[in-house]
Protein chains: 4
Amino acid sequence: MSRDRLEAFSDGVIAVVITIGVLNLRPPAGDTLSALRPLAPKLAIYLLSFVFIALYWNNHHLLLRAAERISGAVLWANANLLFWLSLTPAAAAWLGPHLGESAPAAVYGVVLLGSAIAYSILTRVLLAAQPPGSPLERAVGRDHKGNLSLVAYVVAIALSPIAPWISVAIYFTVTAVWLVPDRRIERVLRAPSSSETAPTAASGEPRSRWRHPGH
Amino acid sequence: MSRDRLEAFSDGVIAVVITIGVLNLRPPAGDTLSALRPLAPKLAIYLLSFVFIALYWNNHHLLLRAAERISGAVLWANANLLFWLSLTPAAAAWLGPHLGESAPAAVYGVVLLGSAIAYSILTRVLLAAQPPGSPLERAVGRDHKGNLSLVAYVVAIALSPIAPWISVAIYFTVTAVWLVPDRRIERVLRAPSSSETAPTAASGEPRSRWRHPGH
Amino acid sequence: MSRDRLEAFSDGVIAVVITIGVLNLRPPAGDTLSALRPLAPKLAIYLLSFVFIALYWNNHHLLLRAAERISGAVLWANANLLFWLSLTPAAAAWLGPHLGESAPAAVYGVVLLGSAIAYSILTRVLLAAQPPGSPLERAVGRDHKGNLSLVAYVVAIALSPIAPWISVAIYFTVTAVWLVPDRRIERVLRAPSSSETAPTAASGEPRSRWRHPGH
Amino acid sequence: MSRDRLEAFSDGVIAVVITIGVLNLRPPAGDTLSALRPLAPKLAIYLLSFVFIALYWNNHHLLLRAAERISGAVLWANANLLFWLSLTPAAAAWLGPHLGESAPAAVYGVVLLGSAIAYSILTRVLLAAQPPGSPLERAVGRDHKGNLSLVAYVVAIALSPIAPWISVAIYFTVTAVWLVPDRRIERVLRAPSSSETAPTAASGEPRSRWRHPGH
């Protein structure tokens, strides 16, 4: 029951965060199609932010479904994630109209990085709250995709003073990669007792994959 | 359970989207009733958008109730629908104060069309996730009303450079037609095992109707 | 299940509507306590609107709990109520800074009246969807309080051109009267099979009371 | 069931309140990192408000879980709490850009104090609705932490005309102290029938602790 209300509250916050960004798409001053041109970059960043937050909702959903116990620390690790996600519309409001500038690109990247770190902390705190050998433990394994995202965000932030367009391209790329659903957890939920063999990990491939903790 | 949380999240997003549009109804500058006059078209578009989004909530609700399985693709088809719906307040904010203009009428139509296409994609992705002979498959049948709406929106967008008032009239008309609830799905849910005979489809009538897949 | 999702969606919309009004309380220009003075009437109207919407949530909650069946018409009567409630923050945004003016007082009253009528329609549509002798039918009885509110709102709107302060005083008074919870429905839910005797209706008293339909 | 919907509505309102504050973080005028400097105090107050509201959500959650009965008075005590919490974004919008000023610090403190008093009223009203010897009664005991918070807020408001920075420091300190989860209620929920011995209360220490009502 505790988990249900945690999910319900998180859903509420994420629902507000994902939609409040549309307030950045103020109507243009004129009434012609050409007056829409300055809206295009804002719309692109709104789409990026929407997909980014939807991804977190999706993975958050799978993560909590695999968890069986919620501790007080989980509530706060979850609030920390929600805090970072809630900064997305503010960072998007700055990046949208300044798509080629360094500082807004860096700040947007910091929010993405902060959210990714917060998600990773939430995963660990959740794991610590489970009994040994829990479904969640078997499901999470080594988080190659998560780790690679963190590295990509750091690189993008570091590049932003020199090449802000590349930073933004990295944000879009990482988000696109994550659109592939997290099959690790889904697989465990479907066959929680089977002794699946892990697929061989092709080095460098940004897809996450299943790793049995006994390996 | 997965479906429950998908519904809860969608409800949250739709609840924010449907109400955030009221922020477009800023109080008038003066304090007399005549100062309200510029609000009238904004209120009309707010009402149109409210009914439009309520329709989607309603049909989304019936659609998911008939579905038994949710896949990862369903989550993203659903996010795509929510994205298009979330653009409604922004498009309404432009159309409201420019009710006779071509570009805002076209853009509003594009958002309606995008939402309708996204709903149609969601229906197909949901169908693909069900086992053969599922209640959803029997319920959906041929979507005459949906297809006619798509055509109407395309016509309205095409007319907007010449006759934006007609475009807006089409948006109101299509929404009014949809106010008739989607009896196809309701009927199946009530009598899931009966072998109903389909009513004869009067050609050209914009009402949706039940079609048994065996026909 | 249908009722659950209707409640969840209504809760979401009402939660947004009740809180979005706080955006009308923009920070004052200065940084002294005296700079707060223009906020006082806005805060009063925000409080009035908050209590008004909380009342509707409360009664909506009791009403739906007593209902056993939801029809398609109920969904639309409910959407109509949500539409009127969603106009409250917009009307409050106008009334707050123009507390002594006629037009804003009239418009605010129209929104209150529209909500009250919409609630009354919802009650009737819900009753029509129930089987004869349902708990809801026994619970609703004659709605003295509701009818008196409608009359009060009409009087307040009619008075607004002459005495807008009295109109606003009526809005506060009616809301205060409604703060007394709707015992009619609560009583039936607690003792659904008992044949309670109705208390004698003291004429003119604005409290609602239980009336057995057989009387 | 009644409790479920009360929780769902409260979650919805709190989710909107906690995220709407991000609208105070408007993008800076320029596009350089130094243009972010005026955002820093706003971000600090947004973080403070976020944690403050998350705390209330958390404790509200534990409180309602321990309650078995909801009365009409509980609904209104709960609405009163939600009203005070909903003022947080407005108070934060004033304090953020005026961090060293007296009046905004005082007003922010009044909102914190009002929320704390409202929570304390809700606790009492909930207790009054429970049968004697309820889990909630055993769980709440003497609320040292709550009482100390009230005193701290009063002191901070009193100090604000002279030393507004100290007031703000007190707000941060009290919030940090509350981050320690409320173990009193958690403990009772886990071992509802055990006769735990209360730890000795070290005078002056701001941590809340369990007190058996029979002591």
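Some observations on this one:
- Residue-averaged beta-carbon neighbours from other chains (10 angstrom radius) around A:83-92: 4
- Across the identical copies, the 7 Å label point of residue B:110, projected outward along Cα→Cβ, sits 3.4, 3.4, 4.8 nm from its counterparts, in ascending order.
- The Cα atoms of the range B:10-165 give a gyration tensor whose axes a ≥ b ≥ c have a/c of 1.5 or more with a/b greater than b/c, which makes the shape prolate.
- Calculated translational diffusion coefficient of the range D:42-115 (10 °C, 1.306 mPa s; Stokes-Einstein with Kirkwood radius over alpha-carbon pairs) equals 119 µm²/s.
- Its relative contact order, with pairs defined as Cα atoms under 8 Å and 6+ residues apart, puts the range B:80-162 at 39 percent.
- Simple label model, 7 Å out from Cα along Cβ direction - residue B:32 to residue C:110, nm: 1.6 nm
- When the Cα gyration tensor is reduced to axis lengths a ≥ b ≥ c, the ratio a/c is 1.5 or higher for the range B:107-169, and with a/b above b/c it is classed as prolate.
- Violating pairs (Cα-Cα greater than 29 angstrom) within the set B:42/C:42; A:42/B:145; A:42/D:42; A:42/C:42: A:42/B:145; A:42/C:42
- Accessible heavy-atom area order of D:172, A:83, highest first, probe of 1.4 Å: D:172, A:83
- Take each residue of peptide D:70-77, count the partner chain Cβ atoms within 10 Å of its Cβ, and average: the result is 3.
- What the Cβ-Cβ distance of residue B:69 and residue B:147 gives, at R0 = 25 Å and to the nearest 0.05, is a FRET efficiency of 0.50.
- Relative contact order of the range D:1-125, defined on C-alpha pairs under 8 angstrom at six or more residues apart (%): 33 percent
- Here the label points at residue B:176 and residue C:101, each 7 Å from Cα along the C-beta direction, are separated by 3.4 nm in the simple model.
- Label spacing, shortest first and in nm, from residue A:154 to its equivalents in the remaining copies (7 angstrom along Cα→Cβ): 5.1, 5.1, 7.2
- Calculated SAXS-style log₁₀ I(q)/I(0) at q = 0.16, 0.18, 0.28 Å⁻¹ - the range D:18-77, Debye, Cα scatterers: -0.66, -0.74, -1.10
- Computed packing ranks the peptides C:96-102, A:131-137 as C:96-102, A:131-137, most packed first, by mean other Cβ atoms within 10 Å.
- Simple spin-label estimate for residue D:165 and residue D:4 gives 5.3 nm between the two label positions (7 Å along the Cα-to-Cβ direction from each Cα).
- Sorted from shortest to longest, the distances between the residue C:47 label points of this copy and the other copies are 3.4, 3.4, 4.8 nm, with each point 7 Å from Cα along the line through the beta carbon.
The values are calculated or read from the model by the stated rules, or taken from the named source; none is laboratory data. From a predicted model like this one, the values you see are computed outputs, not experimental measurements. No Cβ is skipped: glycine too gets one built from the backbone with ideal geometry, and neighbour counts run over all protein chains shown. Remember, those area values only see protein heavy atoms, side chains included, never the ligands or the DNA or RNA. Shrake-Rupley method; radii C 1.70, N 1.55, O 1.52, S 1.80 Å.
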